[in-house]
Structure formats: C-alpha cells, structure tokens
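Here, each number is a calculation from the coordinates, and none is a lab measurement. Remember, predicted model here, so these are calculated numbers, not experimental data. Positions of Cβ are backbone-derived with ideal geometry, glycine not excepted, and every protein chain shown enters the neighbour counts.
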Amino acid sequence: MLKKYYFLTFLLILTLITGISCSPSPKIFIKQLKNKHYQLIVNGKPYIIKGVCYNPIPLGSNHEYDWWSDSNKPWIADGKLMKEMGINTIRLYQAHEDAKEVKQVISDLYKLYGIRTLLGDWLGFWEYPCPFYGDKKFQDKVTRQVLEMVSLYRQEPGILGWILGNENNYSCLGQVNPWSSPEVDLEPNPQKQKAMRAKIYYSFVNEISKQIHQLDPHHPVGLGNGELIGLDSANKFCQDVDFVACIIYRGKTFGNLFKSLKMTFDKPLLLAEFGADSYDAYLKKEDQNMQAFFLQSQWNQIYENLANHKNGAGNCIGGTVFEWTDEWWKHNFDNPEGWNQHDTESSWSNGSYYYDIRAAGNKNMNEEWFGIVALSPQLENGINKRLPRKAYYVIREFWKNPVLIKTQRKKIQQK
C-alpha cells in the first residue's frame, strides 16, 4: 500500500511539473457493429455529429479576414448560440498559421460549451497555378503541413477528428483546379487519364492517413470528397481513411447516397457539407420557410441512416451544415464595395432545390444566404448581431425529438 501511495504521489508531482497528463487521452474511434452498421464512439458512448461549418467573417470583409485574431472573439457568442441549439461539433476547413490562436478557439468552444472540432486541411487545393498531386515535392510539402497540424493539435481535448481535402476529387476530372503529370500526359485516352489521376490522388491521401494514424491513433481521419465521384478509385487506393466526409447538395433528399456509398466504398459517412440557402431567387425575397423545409428533410434522412435505424443503411455518423452564418462577401469576393451588401443575385443552378428553380436562367442558388444564422449590420459586443433563422429553431426541435417532427412544409410555415 505504501509503495502505491509513493507511486501515485510521483505521478501527481510529474503531472504538475510537466503539465502533461500521465494517462492517455480518451480514444475517439469508429466502431462497426455486428449488423455491419457504423457508430462514432466518444468517451465510450455513441456520438452523433450535429454540427455546422464555421467561418465567422464579419460584414465588410472577405475570406482573407483573420477572425482567429479578432479581440471580440466571435466564437464565444456563436458557441453560446450553438449550445442552445444543440450543436456539438464545428467543422474548420483549415487551421490558422498561429497555433496559439487555433488552440484558443478549440479550447474555448470545448471548455465553455462542450463543442468539439473537426479540423481539416485543403491539401494544397487552392495553390496557384494548381495542385500538382503527381509531383513528389508537392506531395512532401503538403504531407509535412498536415502532419504538423496533427502534431500541434492532437492533444487538444476538443479535437474530434481530421478531414483531408474537400472537393479535391474534382481536380482529377479536370473540372476544378486541373492538374496532370508526365505519366498522365503520355496517355492519349482522356478517360484513362482521369483514372490515372484518381489513383495518384487517392493513393496520396491514403499515405497521409497512414502517417496520421501513426502519429495520432486517438482520432479518426476522414476523406473530404465531392459527391460520390471517384470513390470507386478510393475503394482501391484509399482504404486507410476511417470515414468519408461528403459534400452533397441534393435538395430535399439525399436519394440513394447512403446505399450507394455502402456498395461503392463501405466506409462510415459524414455529411460534411450540405444545406440550403434562404433566398427565393424566383420571388426575389428571403424565404426562411424554404430553407427550414430542406434542412429538416435532410436531417431526417441523416437520422434514418444512423446505426440501428430500421430500413436505413446504418453508415451515417452525422452531419455539419453549411453553414453557421451568412457570407456577404461571396458574390463579389474581389470587390470590397460589395462586402457590405447582402447580394441577391444567384450564381449557380440546382434543380433539386425546386421552389425557386424558375428564376432567370434557372440560377437559384445564392452563396450569400446559406447561414442558419443571419448577420445584422448592428454590432453587439463588437461583432455583427446574430439573428437565428427559422431553420435554427426547426433543427433544434428535430434534434430534441427526431421521431415526431415531420418534413411537411405546411407545418414549418405554421411555426
């Protein structure tokens, strides 16, 4: 007994001196059940990701604004609203260069509100002139960057996991930020070229994932992917990721998404980016009912495909809605004069969001109106006042009782 006392005293002194806990941090992992369904496990309990994509840009600024350094700490006010809604997770696409500031945000949200963070890396997707995934030097640079991120933040109690990339798979098709390699250029068949690029890219992501697991065995690694495109290649070359983080905009229903993924690439699914804007491009006015209708229907589908739900695929672990607040800079991102104006001109078309598809040119998707929280020019505690939209309350009620809430637009309109 005396030896045990001395040993425990030694551990306590060591902890106080070094500031390091002598016991390992609780492992966060994904478990496959006997019925082949998947569950995310946190602290020994199933964890449904109820999250939002987070990038709190104030009015009058664009994506280059350094909100991490904002002395008004917008994440404090946002975290309070998030907790009241039931949000337990935020998704950050990329860490800031100042590690101290990143740790402050992660720590504040977790300690004050119990909100965890999914931290990502773009994998060089937006580098100019394009991401050279077939180049070894480029791969090494990106790998070092990702591993540095993991090394810096893996000990943060608020970290939930890592997401590699976003819609980088579209670059393999030549649709966004196209790239090539000498080997690919020698192939005359365009379809074979796409397959070669997919092999190069997914093999690269797989190698990063393997190195992350060696460095940090306590948090899962996700593959950021636009739709299900390219996942047949991921099934061959990227088996070391723990889950797929899909970016999906399919309107009211995700269709056969869950079952298709199970057939193509049997991994757990996080809806890492999905949602609906709140501006009716046809009637030219804000329509919060429309946004709430789509979002509630989407969350219904997420819940139907969680583990142990009847008739679902059982491969969904939750979602992070795009997005928390509106982004007034999106339409004219290189014109400062437009950053203080809530633009109503839509930039692309998506027939799945059918209420306003009859807008001119069928352009019905407005990038500046996706927030479930609107921003006011009025300042409150140094930041733009937050104005929760109807979707905020409808989703909050759905999370409280997902069985009783239905996806009928009439009922949402009456709220």
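Below are the figures for this structure:
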| item | result |
| --- | --- |
| Sorted by Cβ neighbour density within 10 Å, fewest at the top, the residues Trp328, Trp122 | Trp122, Trp328 |
| Exposure proxy ranking, count of Cβ atoms within 10 Å, fewest first, for Met149, Met263, Met365 | Met263, Met149, Met365 |
| Among Asn166, Asn366, Asn235: highest mean-square fluctuation, GNM of the chain, C-alpha pairs under 10 Å | Asn235 |
| Rg/Rh for the range 24-180, where both radii come from Cα atoms and Rh is the Kirkwood radius | 0.99 |
| Contour excess over end-to-end distance, with Cα ends at Glu101 and Asn43 and 0.36 nm allotted per residue | 18.3 nm |
| Tail weight of P(r) past 19 Å, computed on alpha-carbon pairs of the range 118-241, percent | 45 |
| Percent breakdown of C-alpha pair distances by 20 Å bin, ordered from the shortest bin, for the chain | 25, 58, 16, 1, 0 |
| Value of [θ]222 nm, deg cm²/dmol, for the chain, DSSP H segments ≥ 4, -39500 (n - 2.57) each, nearest 500 | -11000 deg cm²/dmol |
| Inverse of mean 1/r across different Cα pairs in the range 262-415, Kirkwood, Å | 16.8 |
| Residue exposure sequence - Asp287, Asp108 - by fewest surrounding Cβ within 10 Å | Asp108, Asp287 |
| Highest average packing first - 75-81, 157-163, Cβ atoms within 10 Å | 157-163, 75-81 |
| Ranked by how many other beta carbons lie within 10 Å on average, peptides 315-324, 208-217 from highest | 315-324, 208-217 |
| Considering only the chain, percent of DSSP beta bridges that pair antiparallel, nearest 5 | 30 |
| Whole-Hz ³J(HN,Hα) from phi, Karplus 6.51 cos²θ - 1.76 cosθ + 1.60, for the range 108-114, glycine and proline x | 4, 5, 6, 5, 7, 10, x |
| Set Lys80/Lys252; Lys136/Lys267; Lys267/Lys363; Lys73/Lys210 screened for pairs whose C-alpha atoms are more than 32 Å apart | Lys267/Lys363; Lys73/Lys210 |
| Coarse-grained scattering of the range 135-176 at q = 0.33 Å⁻¹, given as base-10 log I(q)/I(0) from a Debye sum over alpha-carbon atoms | -1.08 |
